[in-house]
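Have a look at the structure below before the remarks.
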Amino acid sequence: EQTSPESGGKFQKGGDNDLSNGPVANRSCTDLWCLPFLLVAWLAYLVVTFMGFADGNPAKLYLPRDYSGAYCGVETNWNSGPNTLNFPYLSFTMNATATTDVVVKQLLCSTAGDSVIQTLGLTTASYDSYLCACCKVPCDSCRSSYQFSDVSSVTDLQSTVTGKMQEIRGAVSPSSLFSPSGSNGDFFTNMWSEATKYFNLVCLPDCNTNFDTSNSSTTPRTWTYEMAEDNPLKTYWDLLKTSGSLQTAINDQFTFTALPLSLCPYSENKCIPMPGVEFSAASLNYCSFKMSSDVISAVGSSAAETFESLAVQSFTESESLGTLLGEFEKSIDA
């Protein structure tokens, strides 16, 4: 029976089986042959690290990235993206296509729009395709009807579209865009939980570049709404642009003012600020949402703070693990 040293047993120090210095009396280092491999691994790590610093840009580990994955604040981007050396801040512009699509669908698919379409001499097959594209009849491409207030009078439709587009383009006070009593109703007060759909992530020179900047620029650009080629309504939109009683409203109300290239290094449609939305600088060159004083006066500070927090939450939740892995995969060729 083996007993403890305290009881005077076999393993007591100084006894026949003294183990106070371990079970092996003459101990020595083993597996010394592993040391060269360890040293080589350390050396390789140092070489790769120095090569990364020499040929790469360690700042890319933390620099913000725009909607296409291009880095802000670098001269050459891995994806043949824009030169953003003088545009170090990640800010937001309006996704004019997404915000305008709602108005376009109302113009095309309302009762008044339907009546104008019928005056354009469409074939029966083409008119049936229009009804399907507007989800006015059951068809495979529709899951439900479009949600908008129907307008039956062409004159009322022209007025409705003009009012909505003037708010979206910033031709009137931005406070009306976010007021439920405005022409767009509560659409722009309820959009904030889906802010990723209605804003573009872009690199800008600072967080003070906004709608007021584009208005004060001496070299602004313009962009006219174009419907996507694969949209089944495009054929009928193009027809209404060139003929019919809605032609004037379409040609007058769907052109936006965009930031100049000196302030926004992208195509015009990515450089359209949203009226009433400003930004403040956060950490690491990120910009955060801030409503303008006009909007705060119209909707109240509590509602404005809710808009801001919902927008931040929307973009934060969009940075899922899958998104991050996808961005990493796209940057492997950098």
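The values are calculated or read from the model by the stated rules, or taken from the named source; none is laboratory data. Note that the coordinates shown come from a computational prediction; the quantities given were computed from them, not determined experimentally. FYI the Cβ positions are ideal-geometry reconstructions off the backbone, even for glycines, and counts take in every protein chain you see. When the accessible area is computed, the model is the full protein with side chains, heavy atoms only, and any ligands, DNA or RNA have been set aside. Shrake-Rupley method; radii C 1.70, N 1.55, O 1.52, S 1.80 Å.
Details
- Legend: helices of the chain (whole DSSP H runs) are marked when their alpha-carbon atoms reach 27 angstrom or more along the helix axis and their mean Kyte-Doolittle hydropathy is at least -1.0; marked are 34-55.
- Distance between modelled label sites at ASP150 and THR123, nm, 7 Å Cα→Cβ extension: 2.9
- Carbon/sulfur fraction of accessible area - region 41-107, other protein chains in place, 1.4 Å, %: 63
- Three semi-axes describe the equivalent ellipsoid of the chain; taken as square roots of 5 times the Cα gyration tensor eigenvalues and ordered largest first, they are 63, 25, 22 Å.
- Listed residue pairs exceeding 32 Å between alpha carbons, taken from LYS164/LYS234; LYS234/LYS290; LYS136/LYS241; LYS60/LYS105; LYS164/LYS290: LYS234/LYS290; LYS60/LYS105
- Tail beyond 19 Å, pair distance distribution of region 101-239 (Cα, percent): 62
- For the peptides 91-104, 33-46, 254-267, 129-142, the ranking by packing is 91-104, 254-267, 129-142, 33-46, with the highest mean count of neighbouring Cβ atoms within 10 Å listed first.
- Taken over the C-alpha atoms, region 188-253 has Rg and Dmax values of 16.4, 44 angstrom.
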